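See below for the structure under consideration.
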Amino acid sequence: EETSLFDIQFKDAPAQYANDDGLPSFKWEKVKTLLRMLDTHRLHYVKVPLNHIVIDFDIKGEDGAKDFQKNLEAANAFPPTYAELSKSGSGIHLHYIYTGGDPTELSRIFGDNVEIKVFTGNASLRRKLTKCNNLPIAELNSGLPLKEGGKKVIDWEGFKNEKVLRSMIIKNL
């Protein structure tokens, strides 16, 4: 499609162009521009609500490059929603509003070369509009993996001893 429904729905969201290194140009506290002010065909970043998630398909073919057909097959297993192609034109990004609980509890890995992107804190959606469909962003409330072990609790008592701290670092390396 020529018109992005994402651009319309998030027209008032804070947004900024990427710098020469492909990163956000400014800290979000200083950004005054909105998505509607940008040319979304250029690489840019958008602050989206916490419950806005993106399932990113980057499945590769036998040649090691992203394979559009394999990504399309995998994406078709999910409920229909707004989708964009990645910058390369071979990856697919499915956009959802997650209503199944706390999005921060979702695992970031869905499968081989399939990632669930959750935008917490100052994290923002990196995008460059190439091609998209004309479906609205759908709600998704189930079917995604949660982080293993739930919330991790750290026992800070063990870190008061330098020897214990060093052994934990070595163990985790």
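The values are calculated or read from the model by the stated rules, or taken from the named source; none is laboratory data. From a predicted model like this one, the values you see are computed outputs, not experimental measurements. Reconstructed Cβ throughout: ideal geometry from the backbone, glycine too, with neighbour counts over all protein chains shown. Heavy atoms of the whole protein, side chains included, go into the accessibility calculation; ligands, DNA and RNA do not. Shrake-Rupley method; radii C 1.70, N 1.55, O 1.52, S 1.80 Å.
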Filter result (assigned to a loop (DSSP other than H, G, I, E, B), in contact with a strand residue (DSSP E or B) (Cβ under 8 Å, 6 or more places away or on another chain) and open to solvent by 50 Å² or more (accessible area, probe 1.4 Å)) within segment 50-67 | LEU50, ASN51
So, in segment 1-49, of the ones that are open to solvent by 100 Å² or more (accessible area, probe 1.4 Å) and assigned to a helix (DSSP H, G or I), which residue ends up nearest to ALA123 (Cα to Cα)?
-> GLU29
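Consider segment 3-31. How many of its residues are among the charged types (D, E, K, R) and either touching a strand residue (DSSP E or B) at 6+ places or on another chain (Cβ under 8 Å) or within 14 Å of LYS128 (Cα to Cα) (or both)? Show your work before the answer.
From segment 3-31, those among the charged types (D, E, K, R) are 7, 11-12, 20-21, 27, 29-30; that's our starting set.
Right, trim to either touching a strand residue (DSSP E or B) at 6+ places or on another chain (Cβ under 8 Å) or within 14 Å of LYS128 (Cα to Cα) (or both) and you get 7, 11-12.
Qualifying residue count, segment 3-31: 3.
Please indicate, with yes or no, whether at least one residue in segment 81-90 is of a type in the set (Asp, Glu), in a strand (DSSP E or B), in contact with a Ser or Thr (Cβ under 8 Å, 6 or more places away or on another chain) and under 25 Å from GLY22 (Cβ atoms). Give the derivation first.
Taking segment 81-90 first, the residues of a type in the set (Asp, Glu) are 84.
Pick out the ones that are also in a strand (DSSP E or B) and you get 84.
Now drop any that are not in contact with a Ser or Thr (Cβ under 8 Å, 6 or more places away or on another chain), which leaves 84.
Pick out the ones that are also under 25 Å from GLY22 (Cβ atoms) and you get 84.
Yes - at least one qualifying residue is present in segment 81-90.
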